[in-house]
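S.K.: Before anything else, here's the structure in question.
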Amino acid sequence: NLTGALLIQSADRLREVVAPGGTLIVSGLLAHEREDVIAALTPGASLCWEDSEDGWVGIAFNRHAGSAV
């Protein structure tokens, strides 16, 4: 679990370590951080799954095959 702020700050590096066509799963962020985290991680990736419970969110992104970071 990483905070939304840390996910946003680390977005470029997180995408970099995911292989093209691979999946990045992040969880433990607060619901009010969701939109900013998605905006930070979707360049070069697509949201493919999300779930929430009691104000906490988990999200998965697929990195586009052949996309540059």
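The values are calculated or read from the model by the stated rules, or taken from the named source; none is laboratory data. Because the structure is predicted, anything quoted here is derived from the model rather than measured. Cβ atoms come from the backbone with ideal geometry, glycine included; neighbour counts cover every protein chain shown. Remember, those area values only see protein heavy atoms, side chains included, never the ligands or the DNA or RNA. Shrake-Rupley method; radii C 1.70, N 1.55, O 1.52, S 1.80 Å.
S.K.: I'd like the full set of residues that are acidic (Asp, Glu) and either surrounded by 12 or more Cβ atoms within 10 Å (Cβ to Cβ) or modelled with pLDDT under 95 (or both), limited to the range 22-69.
M.R.: Within the range 22-69, Glu33, Asp36, Glu50 meet the criteria.
S.K.: Is it the case that some residue within the range 2-20 is touching a Gly at 6+ places or on another chain (Cβ under 8 Å), open to solvent by 50 Å² or more (accessible area, probe 1.4 Å) and closer than 14 Å to Asp51 by Cα?
M.R.: Within the range 2-20, not a single residue is touching a Gly at 6+ places or on another chain (Cβ under 8 Å), open to solvent by 50 Å² or more (accessible area, probe 1.4 Å) and closer than 14 Å to Asp51 by Cα.
S.K.: Here's another thing I want to ask about it. Could you please find all residues in the range 16-43 being polar (S, T, N, Q) and either touching a residue at least 40 places away in the same chain (Cβ under 8 Å) or touching a Pro at 6+ places or on another chain (Cβ under 6 Å) (or both)?
M.R.: Within the range 16-43, just Thr23 meets the criteria.
S.K.: Moving on. Could you list, in sequence order, the residues of the range 4-53 that are of a type in the set (Asp, Glu) and in a helix (DSSP H, G or I)?
M.R.: Scanning the range 4-53 gives Asp12, Glu16, Glu33, Glu35, Asp36.
S.K.: If I ask for residues that are in contact with a helix residue (DSSP H, G or I) (Cβ under 7 Å, 6 or more places away or on another chain) and aliphatic (A, V, I, L, M), which ones from the range 15-40 would you list?
M.R.: Result: Leu24, Val26, Leu29, Leu30, Val37, Ala40.
S.K.: Please verify whether Gly44 is out of contact with any Asp or Glu (no Cβ under 6 Å at 6 or more places or on another chain) and of a type outside the set (S, T, N, Q), treating the condition exactly as stated.
M.R.: It is true that Gly44 is out of contact with any Asp or Glu (no Cβ under 6 Å at 6 or more places or on another chain) and of a type outside the set (S, T, N, Q).
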